[in-house]
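Let me begin by presenting the structure, written as structure tokens, before commenting on it.
The values are calculated or read from the model by the stated rules, or taken from the named source; none is laboratory data. The model shown is predicted, which means the values in this text are computed figures rather than measured ones. Because the Cβ atoms are built from the backbone with ideal geometry, glycine has one as well, and the counts that use them run over all protein chains shown. Quick note on the areas: whole protein, heavy atoms, side chains included, nothing else; ligands and nucleic acids left out. Shrake-Rupley method; radii C 1.70, N 1.55, O 1.52, S 1.80 Å.
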Amino acid sequence: MEELNKYYDQHMHSSFSADSEEDLKEYCKLAVKEGINYICTCEHFDFQTVVDGSTWMADFPELIKYHEEIKKDYPSVTPLLGIELGYKRICFEEMKELSYKYPYDVIQLSIHDNNKWDYYFSDAFLNHEIESMNEYFDLMIEAINRFDNFDILSHIDFGFKTLKMIDKKWEFSLWDKKIKEVMKLLIEKNKAFEINTKVQEVIFDIDKDNHHIEYLLKTYKDLGGSKITLSSDAHKKERYRSLFLKYMKIIKDNGFNELSYFIKRKEYKYKIS
């Protein structure tokens, strides 16, 4: 493994994901410009999406071939293979099989929908806010308990961000008990916890302060958590490593001196300067 000169973005999406049109080479150009020696996209697997009933799954054999082309065109950049597995009960066996099928560098676990509502959209919460958030966390707890072959839990506050956009009065700490259960399970299972700048910025723009992320970091640290990743969830090149310096400082100011990253499913540590 090469020495990591800068912390790379390990949760991005390219045109190999159904919701992105970005050519992977555009991320490579930015990595070269910034002197970063790895790029990593975690392309979607979402089974029978509630958006249109289709299954979002990257063509991983073609992606692996494209990586070989990238290595020739951008020799200073090593492309890493990632997947973001969207958990739902009806696709557990498919998830399990897919998680072992290709030589991933990192596997992200996510909750995107409950097979009826997609938590990205306000319909998932309108007029049943508390019940929907409870179910959202219950699915997350179930997923972590049931599925073990992953490295990072993505955006714990993906659903909450939508709720906050509906009405800014909502606070994540209202679900403190369930949040702590999620974090305890991650710590127990030796999995990493993602800070997702895309979600954080939506909430910051509403609150105009950092109390949401500070609550997350304090709660995780108080429980003994130490494995944090920082990701942009970029679907376009404009969001590549978005606001990393801002959130590295917040993470460090809240007692964490290192970030985790993964290569060939092995965890490494990056010291925050």
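I need a count of the residues in the range 214-238 that are touching a residue at least 40 places away in the same chain (Cβ under 8 Å) and not in a strand (DSSP E or B).
Here the count works out to 12.
On the basis of being in a helix (DSSP H, G or I), closer than 22 Å to Lys198 by Cα and not acidic (Asp, Glu), does Leu63 make the cut?
no
Among the residues of the range 165-174, is any within 30 Å of Tyr100 (Cα to Cα) and either touching an Asp or Glu at 6+ places or on another chain (Cβ under 7 Å) or part of a helix (DSSP H, G or I) (or both)?
no
Only one of Gly86, Gly53 is more than 18 Å from Tyr240 (Cα to Cα), at pLDDT below 95 and among the small types (Gly, Ala, Ser). Can you tell me which?
Exactly one residue qualifies, and that residue is Gly53.
Spot the failing condition for Ala234; the list is (1) small (Gly, Ala, Ser); (2) within 17 Å of the chain's Cα centre (by Cα); (3) closer than 30 Å to Lys177 by Cβ, and only one is missed.
With respect to (1) small (Gly, Ala, Ser); (2) within 17 Å of the chain's Cα centre (by Cα); (3) closer than 30 Å to Lys177 by Cβ, Ala234 is out only on (3).
Residues being part of a loop (DSSP other than H, G, I, E, B) and loosely packed, with under 13 Cβ neighbours inside 10 Å: count how many of those fall in the range 249-261.
Matching residues across the range 249-261 total 2.
Mind checking which residues of the range 1-57 are open to solvent by 10 Å² or more (accessible area, probe 1.4 Å), within 30 Å of Lys271 (Cβ to Cβ) and aliphatic (A, V, I, L, M)?
Met1, Leu4, Leu30, Val32
When you scan the range 207-217, do you find a residue that is under 28 Å from Glu21 (Cα atoms) and of a type in the set (Val, Ile, Thr), even just one?
First, pick out the residues of the range 207-217 that are under 28 Å from Glu21 (Cα atoms): none.
No, the range 207-217 contains no residue that is under 28 Å from Glu21 (Cα atoms) and of a type in the set (Val, Ile, Thr).
This table checks each residue for (1) open to solvent by 10 Å² or more (accessible area, probe 1.4 Å); (2) among the small types (Gly, Ala, Ser).
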{"residue": "Ile187", "(1), (2)": "yes, no"}
{"residue": "Ala192", "(1), (2)": "no, yes"}
{"residue": "Tyr220", "(1), (2)": "no, no"}
{"residue": "Gly224", "(1), (2)": "yes, yes"}
{"residue": "Arg239", "(1), (2)": "yes, no"}
{"residue": "Tyr247", "(1), (2)": "no, no"}
{"residue": "Ile263", "(1), (2)": "yes, no"}
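Could you please find all residues in the range 194-213 being among the hydrophobic types (A, V, I, L, M, F, W, C) and either closer than 15 Å to Arg146 by Cα or open to solvent by less than 50 Å² (accessible area, probe 1.4 Å) (or both)?
Applying the first criterion (among the hydrophobic types (A, V, I, L, M, F, W, C)) to the range 194-213 yields 195, 199, 202-204, 206, 213.
Result: Ile195, Val199, Val202, Ile203, Ile206, Ile213.
Can you pull out every residue in the range 128-149 that is touching a residue at least 24 places away in the same chain (Cβ under 8 Å) and outside any helix (DSSP H, G or I)?
Phe147, Asp148, Asn149
Test of understanding: among Glu129, Glu93, which residue is open to solvent by 40 Å² or more (accessible area, probe 1.4 Å), closer than 30 Å to Trp175 by Cβ and touching a helix residue (DSSP H, G or I) at 6+ places or on another chain (Cβ under 8 Å)?
Going through Glu129, Glu93 in turn, the sole match is Glu129.
Starting from residues that are small (Gly, Ala, Ser) and crowded, with 20+ Cβ neighbours inside 10 Å, keep the ones in the range 109-125 and report whichever is modelled with the lowest pLDDT.
Ala124
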